[in-house]
Amino acid sequence: MAKLILNFVLNPFIIAITLGIIFLIFEIRLPLYIEKAFVMLKASASPVVLIALGTVSYTHLRAHETSLH
């Protein structure tokens, strides 16, 4: 049981959510250079996901085509 709780607490998503809530409640601002980095990361997320999705789709289609021949 203790290992389960430890795994939950050390989960990166739980840590990120907890830090986000703490920053929101206490109105903590990130330094400008970190904030700019997050803005750039946010702007690049959609294109990267689309490229990854296209790559996976293409690979899947190619594998399906070769199995038919």
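The values are calculated or read from the model by the stated rules, or taken from the named source; none is laboratory data. Just so we're clear, the structure is a prediction, and the values are computed from it rather than from any experiment. Remember, those area values only see protein heavy atoms, side chains included, never the ligands or the DNA or RNA. Shrake-Rupley method; radii C 1.70, N 1.55, O 1.52, S 1.80 Å.
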From phi via Karplus (6.51, -1.76, 1.60), per-residue ³J(HN,Hα) for segment 48-56 in Hz, x at Gly/Pro: 5, 5, 5, 5, 4, 5, x, 5, 5
Accessible area (Å², per residue) of the chain, counting only protein heavy atoms and a probe of 1.4 Å: 96
Helix-only CD estimate at 222 nm, as mean residue ellipticity for the chain, using -39500 (n - 2.57) per DSSP H run (n ≥ 4): -29500 deg cm²/dmol
